[in-house]
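J.: Have a look at this one.
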Amino acid sequence: MTTFDEREQAFERQFVHEEDRRFQERTRRNRLLARWACERMALGPDAAPHFTDSFVAQTVPLDDEALLARLAVELAAAGTDEPVSVLRREMQRCARLARAEGRAGLALDQGSSP
């Protein structure tokens, strides 16, 4: 194997690793955001895990704006209207937390923002 081939394989492994890391962070972010929404919708301990799992599974392929629109619809259906600006701010908070969790390898969620 040539040096070029080794470099190419190393770059490919690095790319796969980075894409996996981004996917995991996005999934963590969506899970944290769904948990926040469960608090807002006052879902009980039986309904919250089901909503969270369903939300995460259905929002993986969505871009951020479509995810926020879906979240707004879910909240409105539960009688909790939140402005998109609040949803976007909460999504950013969840993204920061997800990145920190990924670096630390821990679950850092201590509840929603005020």
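J.: Name the residues in segment 57-72 that are within 18 Å of MET41 (Cα to Cα) and open to solvent by 10 Å² or more (accessible area, probe 1.4 Å), would you?
T.: ALA69, ARG70, ALA72
J.: Can you go through LEU43, LEU33 and tell me which one is within 24 Å of VAL86 (Cβ to Cβ), modelled with pLDDT of 95 or more and of a type in the set (A, V, I, L, M, F, W, C)?
T.: Step by step, each of LEU43, LEU33 is checked, and only LEU33 is within 24 Å of VAL86 (Cβ to Cβ), modelled with pLDDT of 95 or more and of a type in the set (A, V, I, L, M, F, W, C).
J.: Here is a list of conditions, (1) out of contact with any Asp or Glu (no Cβ under 7 Å at 6 or more places or on another chain); (2) not in a loop (DSSP other than H, G, I, E, B), and MET1 meets all of them except one; can you say which number that is?
T.: Result: MET1 fails condition (2) only.
J.: Quick check on ALA37: is it among the small types (Gly, Ala, Ser) and open to solvent by less than 80 Å² (accessible area, probe 1.4 Å)?
T.: So ALA37 passes the test.
J.: As an exercise: evaluate GLN92 against (1) among the polar types (S, T, N, Q); (2) buried (at least 17 other Cβ atoms within 10 Å of the Cβ); (3) at pLDDT 95 or above and give the number of the one condition it does not meet.
T.: So the condition that GLN92 fails would be (2).
The values are calculated or read from the model by the stated rules, or taken from the named source; none is laboratory data. These numbers were taken from a predicted model, which means no experiment stands behind them. Here the Cβ is made from the backbone with ideal geometry for all residues, glycine too, and neighbour counts use every protein chain on show. Surface areas here come from the heavy atoms of the whole protein model, side chains and all, with no ligands, DNA or RNA. Shrake-Rupley method; radii C 1.70, N 1.55, O 1.52, S 1.80 Å.
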